[in-house]
Ligand code: SRM
Ligand SMILES: Cc1cc2nc3c(=O)[nH]c(=O)nc-3n(C[C@H](O)[C@H](O)[C@H](O)COP(=O)(O)OP(=O)(O)OC[C@H]3O[C@@H](n4cnc5c(N)ncnc54)[C@H](O)[C@@H]3O)c2cc1C
Ligand code: SF4
Ligand code: FES
């Protein structure tokens, strides 16, 4: 049996294991990796800062290597190769024989020789250990900088922001990402990044890293200085060719192991792949080319010499800090005659450039900043030399919409050979084959059968579109069904429940569904029934989403938060003291929320009824923070106290919050009332917002904060209180009846045919003739309001549902806390 | 009660190793189509009364994703006929038959056999 030794267990080394094993069970595979753990996903390293654990990042657990009969030695560095005897030696003195040796040693961060780089507080950004060091050090300091404004540098800058540091980026070149984007794009990107709180310093040549033992600042060649306490160096990568050098394999003068089209070094039994290899004077610092190399070497070793490596497209799309950045094909065309077409809107932070061939027939490359929604399709047009449309500018300007429609049409035009997933090298033809011949009907299914979308994930939207159009072309009606248990959309189920008077989930499933239900359809139906019948939700507690089932929001560690309603944010001193007293008694962490009320965190499930009993006795009601229901109506102080106020915004906010409290909807609902145009209650970011005018109120609808902020749209102006409420009734009820599950009003409006004008027609002109019906339905819901917690507190059977154990009165002793600024707080996910 | 006496979940490979049948609580202590938590020695066990399938299941209460003691508060359901529970935190789902994670690469969870005798829920353990 052939014995293959792989040096390096990074992403590419791992991919080689996978490819080799899937091609042959007949080779022995032995892997040496220097790092203490099996290969992990370096591309998503930064997600370590947003909750991913080291285990989440693993490409495959250690057990995978065992199951696939691969011997993995972690924490073991290969230090020598004897090419004559075909053996390697590790730092632990182990010798091993090979028939083929593959060097997948990757690269290390390049650290320039600058005075003071050895100081405490200077880091690189490459491994999980680096990240742990950065996290630990960041706790002691306030100001940090990243040296290097390239792709990785900007990612490191985002990490510093996440760690709560004042963040600077220092770049030697006169622009950011000098290898991917041009000056104008850099300017737009820099502007966007500065809005996110990152200070950018361009054209700065760092002369020394200063400090007294630990780092205190940087000095630049132009004489200026920057005070910082920690520095992350991201000035490029250096291929790890030390092992190759030591055994006299050919290396590039600037580093990297020289390979030919077959990825062979000058020793025919030794291959090099991934970031340690140099092909045609080039190091390929991305995973996709590395995976391609792994594939080719796996073929060579198993006797298929046909496929060769011929360079690789270095197009990239970045998942940066909420700013899209894409660079594809030849972004600059410095040496190729071409016609650039540029669209720029600095105010919006959007820059798009495409380079067209002189004859106007082909797309050569381009740059996208701020909106990279067309990246996939443009990239495909370059890669497949697809003919350009008559007016190529429509590619980036379009008709103003970046909706999927155009993309879908684009996917249709792609040839079968078009590579859709570059990480796994999957073509359109292969995906279509899976759908048409193998009966796959979901993106998840395609992920499983082809591994598409499992690398960087950038191709997911394209795969989605492809699935949709392929299914449609097969005559499948692509219908929005809830899940495998119901062949209906939410709106269809709404009608079924209402018309047939169905009151329980089980009855609905018996009559109109199949199987046993799941975590998607149960909460959706629960929400529908609450919106239609408004029965006590605990009558069907096990179909409620977990937060609704226990009438509280579950927190890290398994405790819950308690949020009483404080309508309009107005509270008496007595009630404030009551919250203080109760929080103290149960040792709860307290915080003012972003919704103008008070949240008490850290209650054990079994304590919830006792805590609420005391709150109810003090006159509080449930705040429904756990439900897809009305949250808060924020208010500003308005004409009662404010010198500018023109209406009494607090009273109106309280009135509105009392009116709609407990109302359940497809998603949560938020409102606000501002007393004048200065808008201190931020009403224009709410599902419905009201702003006072001299003559009455202006009503705005369908705003959203959150991940995709959107300003609310003005529906009517200068209406009196009664009319305002009438329109809100109609608007909310129409939304409740027609929106898909978990769709906020903003998204709902974006998808509504006819948009705002249509909504105006329905709500104000009553074009469907349902105005009165909608108002009646709302009246019905308001009339049946009840405080869920009051019901629980009063009913021993309901209270019993909150015990932790059914066979013991013990509390859950697994919950651990740490102290933070004098209050308790649950231990970190990672620390358990 | 007759029907409750039948052993509803039978796992031969596990069943043969059962040395202790722990009498946990009366069937009425468990909500229909839902779960509750049972304490056995120092262990927390999630027990599900899957009324719709007329089956009972038990598994560890700890979700392996972020090590949270919460699976008993998860929602039961099925995927292509396979009974499963969804963790309330991040909706990772696990087969109630095999313990296998169905929608992610989490490790499997331990499942235990359950039988109902005289209206009481019994869970099988090796020790
Ligand atoms: C407590 C609070 C943060 C705080 O400490 O201030 C908070 C906490 C949570 N928010 Fe929020 N949001 C809070 C105000 C906000 C605000 C500000 C506001 O309401 O003015 C927003 C932006 C406004 C908006 O919604 O448009 C906000 C946008 C979100 C979103 C994104 C929604 C979106 O459409 O993109 C989510 C995720 C979701 O709902 O799917 C979310 C989800 C959550 C959840 C429920 C996440 C979860 O499932 O555990 C958090 C639960 C905490 C808990 O257990 O109580 N929270 N959240 C705030 C509670 C307000 C209240 O009194 O009820
Ligand atoms: C923060 C960050 C973000 C990134 N983002 C992207 C992205 O968005 N898209 C993209 O395409 N790429 C991205 N990359 C680059 C991508 O991670 C690399 O291209 C890829 O990891 C290269 O894989 P590799 O196996 O060649 O090298 P590595 O992953 O570096 O693995 C090499 C391994 O070999 C080990 N090793 C070295 N020498 C020896 C020896 N003598 N004995 C034993 N073991 C040895 C090393 O310790 C290491 O574990 C990013 C990289 C970083 C650091
Ligand atoms: S409170 Fe809101 S913004 Fe803060 S972590 Fe939770 S969901 Fe995210
Ligand atoms: S803790 Fe269970 S899914 Fe995350």
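Give the percent of DSSP beta bridges with both residues in the protein assembly as shown that are antiparallel, rounded to the nearest 5. About 70 percent, rounded to the nearest 5. By the helix-only formula, in which each DSSP H run with n ≥ 4 contributes -39500 (n - 2.57) and the sum is divided by residues, chain A has a 222 nm mean residue ellipticity of -9000 deg cm²/dmol. Each 5 Å bin from 0 upward holds the following percent of the Cα-Cα pairs of the range A:1-102: 3, 12, 23, 22, 18, 12, 6, 3, 1, 0.
Taking a ≥ b ≥ c as the square roots of the eigenvalues of the Cα gyration tensor, the range A:56-144 is classed as oblate, since a/c reaches at least 1.5 and a/b does not exceed b/c. With the cut-off at under 19 Å, measuring from each backbone N in the range B:83-127 to a point 7 Å along the Cα-to-Cβ line of residue B:19 picks out B:111-114, B:123-127. Each 5 Å bin from zero up to the one holding the largest Cα-Cα distance in the range A:608-669 carries the following percent of pairs: 4, 17, 17, 17, 18, 14, 9, 3, 1.
Peptides A:629-637, A:590-598, A:819-827, A:462-470, ordered by how many other C-beta atoms sit within 10 Å of their residues on average, highest first, read A:629-637, A:462-470, A:590-598, A:819-827. Per-residue mean of foreign Cβ neighbours for A:58-64 is 1 (Cβ atoms of other chains, 10 Å radius). A simple spin-label model places pseudo-atoms 7 Å from Cα toward Cβ; at residue A:825 and residue A:782 they are separated by 4.2 nm. The listed peptides A:481-489, A:547-555, ordered by packing as a protection proxy, come out as A:547-555, A:481-489 (highest mean of other Cβ atoms within 10 Å first).
Based on the reciprocal of the average 1/r between different C-alpha atoms, the Kirkwood radius for the range A:405-478 equals 12.0 Å.
If you plug the beta carbon distance of residue A:797 and residue B:54 into 1/(1 + (r/R0)^6) with R0 = 30 Å, you get a FRET efficiency near 0.80. Its DSSP H runs of at least 4 residues, each contributing -39,500 (n - 2.57), put the calculated 222 nm mean residue ellipticity of chain B at -500 deg cm²/dmol, to the nearest 500. Relative to the longest principal axis of the Cα atoms of chain A, the long axis of helix A:771-783 lies at roughly 80 degrees. Classification of the range A:651-739 by its C-alpha gyration tensor yields an oblate form. The axis ratio a/c (a ≥ b ≥ c) is 1.5 or more, and b/c is at least a/b. Relative to the longest principal axis of the Cα atoms of chain A, helix A:490-500 runs at roughly 30 degrees.
Computed over the Cα atoms of the protein assembly as shown, what is the convex hull's projected area averaged over all directions, in nm²? So the mean shadow area of the Cα hull is 45.0 nm².
Classify the range A:646-689: rounded, prolate or oblate, from the alpha-carbon gyration tensor (a ≥ b ≥ c, eigenvalue square roots; a/c under 1.5 rounded; otherwise prolate if a/b is larger than b/c)? Because a/c hits 1.5 or more and a/b fails to exceed b/c, the range A:646-689 counts as oblate.
Averaging the sequence gap over all C-alpha pairs within less than 8 Å and six or more residues apart, then dividing by the number of residues, gives chain A a relative contact order of 7 percent. Here r is the Cβ-Cβ distance between residue A:307 and residue B:67 and R0 is 35 Å; the resulting FRET efficiency, rounded to 0.05, is 0.20. Taking 7 Å steps out from each Cα toward its Cβ at residue A:500 and residue A:473 produces label points 3.7 nm apart. Once the Cα atoms are used to define both axes, helix A:608-617 deviates from the longest principal axis of chain A by about 40 degrees.
By other beta-carbon atoms within 10 Å, ranking A:620, A:49 with the fewest at the front produces A:49, A:620.
Among A:375, B:120, sorting on how many other beta-carbon atoms sit within 10 Å of each Cβ, with the fewest leading, yields B:120, A:375.
Counting neighbouring beta carbons within 10 Å and listing from fewest to most, the residues A:412, B:66, A:85 come out as A:85, A:412, B:66.
Here, the range A:490-544 is characterised by an Rg to Rh ratio of 0.91, where Rg is the alpha-carbon radius of gyration and Rh the Kirkwood radius. The equivalent ellipsoid that matches the C-alpha gyration tensor of the range A:553-783 spans semi-axes of 31, 21, 15 angstrom, in descending order.
Across peptide A:545-558, the mean count of Cβ atoms from other chains lying within 10 Å of each residue's own Cβ comes to 3. For the range A:485-606, the relative contact order works out to 19 percent when only alpha carbon pairs closer than 8 Å and six or more residues apart are counted.
In percent, rounded to a whole number, the relative contact order of chain B is 31, using alpha-carbon pairs under 8 Å and six or more apart. Within 10 Å of the Cβ of each residue in B:81-93, the mean number of Cβ atoms contributed by other protein chains is 3.
Note on residue A:813 and residue A:143: with the Förster distance fixed at 41 Å, the Cβ-Cβ geometry gives a FRET efficiency of about 0.45.
Readers should treat all values here as calculations from the given coordinates under stated rules, not as data from a laboratory. Owing to the predicted nature of the structure, the values given are computational and were not obtained by experimental measurement. Cβ: placed from backbone, ideal geometry, glycine included. Neighbour counts: every protein chain shown.
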